Amino acid sequence: MPNDLLCDEFQDIVAEVLIRHKSILDIITKLEESNARINRALIKSVTSCGCISINAKKQEFKHESLKEAKNTIDNHLEGKMCDSCKEKIEEELGKHLFYIAALCNTLDLNFYDLIIKEYKKLNTLGIYTLR
């Protein structure tokens, strides 16, 4: 299935099943709630399960080019997420995508078009987007 059809179908099914939280106020608060649940699931992977750990320290930018810096910057994660934690985080990210699609529907935006616009910007600017 082409990607645009998959995104469009996802957006359509979100529109079909979203009944209780159809207000823009409900959608934006549910989006924030789902963001918190993603953070909570990640933190529980560290504090309860222990499959991953966070070893954060100051990032050093002592390179002449952004490409060199990109290859040496650390994500501060150690270990590998277990299947249980991975499944939980995927579930929470899926819910987050649901509310993003719901927000797109409410604002009459096309989810796929947003992905393409962001892709083109990233593809054009590359590492100079500095995200």
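Among the residues of region 28-51, the ones that are aliphatic (A, V, I, L, M) and either within 11 Å of K88 (Cα to Cα) or in contact with a His (Cβ under 6 Å, 6 or more places away or on another chain) (or both) come to 3 in all.
In region 61-69 there is at least one residue matching the filter, namely being without any contact (Cβ under 8 Å) to a residue 60 or more places away in the chain, of a type outside the set (K, R) and touching a helix residue (DSSP H, G or I) at 6+ places or on another chain (Cβ under 6 Å). The residues of region 1-38 that are out of contact with any helix residue (DSSP H, G or I) (no Cβ under 8 Å at 6 or more places or on another chain) and hydroxyl-bearing (S, T, Y), listed by number, are S23, T29.
Rule-based calculations on the coordinates, nothing more; no lab input. Model, not experiment: these values are computed from the prediction. Every residue, glycine as well, gets a Cβ built from its backbone with ideal geometry; the counts of neighbours run over all protein chains shown.
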